[in-house]
1. Restricting to segment 3-35, what's the tally of residues that are of a type outside the set (Val, Ile, Thr), more than 22 Å from ALA65 (Cα to Cα) and surrounded by 13 or more Cβ atoms within 10 Å (Cβ to Cβ)?
2. Can you spot a residue in segment 53-76 that is without any contact (Cβ under 8 Å) to a residue 24 or more places away in the chain and among the charged types (D, E, K, R)?
Amino acid sequence: MAIKHAESGEVIDIRPLGEGLKDATTHALTKTDHLELIRMVLPAGKEVREHSAPKEITVHCIEGAIELRCHDTTQRLEAGRMLFLDAGVSHSLRAVEDSSVLVTMVL
């Protein structure tokens, strides 16, 4: 069964998953013609190869820690830290710990 996308005005819970992180999966929280919110669940060591998005994005670490490479540098995002990327910026990431990340994409 597909996970239901949130509707306008509906509260979305993005609190840390804690013990539930190990069993959680990546899924879109909501998607419209212009915006998509995705909760990425990344086990420690998981890598997302280099790619770019056609529009602006944000990457917000909810729990755990990731390393995000962009602009020829690697930055560590831990819980509560967020990074903004302009459209077309190549980036990759690696989970340092079991992690949950909120990705916001302009479509």
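Laboratory data are not the source of any read-out in this text; all were calculated from the coordinates shown. All figures in this text were calculated on a predicted structure; none of them were measured in a lab. No Cβ is skipped: glycine too gets one built from the backbone with ideal geometry, and neighbour counts run over all protein chains shown.
1. First, pick out the residues of segment 3-35 that are of a type outside the set (Val, Ile, Thr): 4-10, 13, 15-24, 27-29, 31, 33-35.
When the remaining residues are screened for being more than 22 Å from ALA65 (Cα to Cα), the result is 4-10, 31, 33-35.
From what is left, the residues that are surrounded by 13 or more Cβ atoms within 10 Å (Cβ to Cβ) are 5-6, 31.
Result for segment 3-35: 3.
2. Checked segment 53-76: at least one residue is without any contact (Cβ under 8 Å) to a residue 24 or more places away in the chain and among the charged types (D, E, K, R).
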